[in-house]
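See structure below.
The values are calculated or read from the model by the stated rules, or taken from the named source; none is laboratory data. Here the structure is a predicted model, which is why all the values come from computation and not from measurement. Ideal geometry is used to build each Cβ from the backbone, glycine not excepted, and the neighbour counts take in all protein chains shown.
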Amino acid sequence: MYEEVAFIAYHFHWPSEDILNMEHKERHRWCEEISRINQRLSGEKQKSILEV
């Protein structure tokens, strides 16, 4: 959970309290979206933080 919160807060600058109040499924969805944005911007395939 902390990794998801840090990832979202770093990229979107949302307060950690707001992110912690989200359901896990919603946080997961935002992490996926941020990963897609990063992949498009970098022009290469990068692993999502959710892929271990």
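Could you list all residues from the range 19-37 that are of a type outside the set (A, V, I, L, M, F, W, C), out of contact with any Ser or Thr (no Cβ under 9 Å at 6 or more places or on another chain) and over 15 Å from Tyr2 (Cβ atoms)? Glu23, Lys25, Glu26, Arg29, Glu33 - these are the residues of the range 19-37 that are of a type outside the set (A, V, I, L, M, F, W, C), out of contact with any Ser or Thr (no Cβ under 9 Å at 6 or more places or on another chain) and over 15 Å from Tyr2 (Cβ atoms).
Take the range 12-27 and flag every residue that is surrounded by 14 or more Cβ atoms within 10 Å (Cβ to Cβ) and either of a type in the set (Asp, Glu) or in contact (Cβ under 8 Å) with a residue 24 or more places away in the chain (or both). Within the range 12-27, Arg27 is the sole residue that qualifies.
Counted as qualifying within the chain are the helices (runs of 4 or more DSSP H) with 1 or more residues that are over 11 Å from the mean Cα position of the chain (by Cα) and at pLDDT 90 or above, namely 16-20, 24-42.
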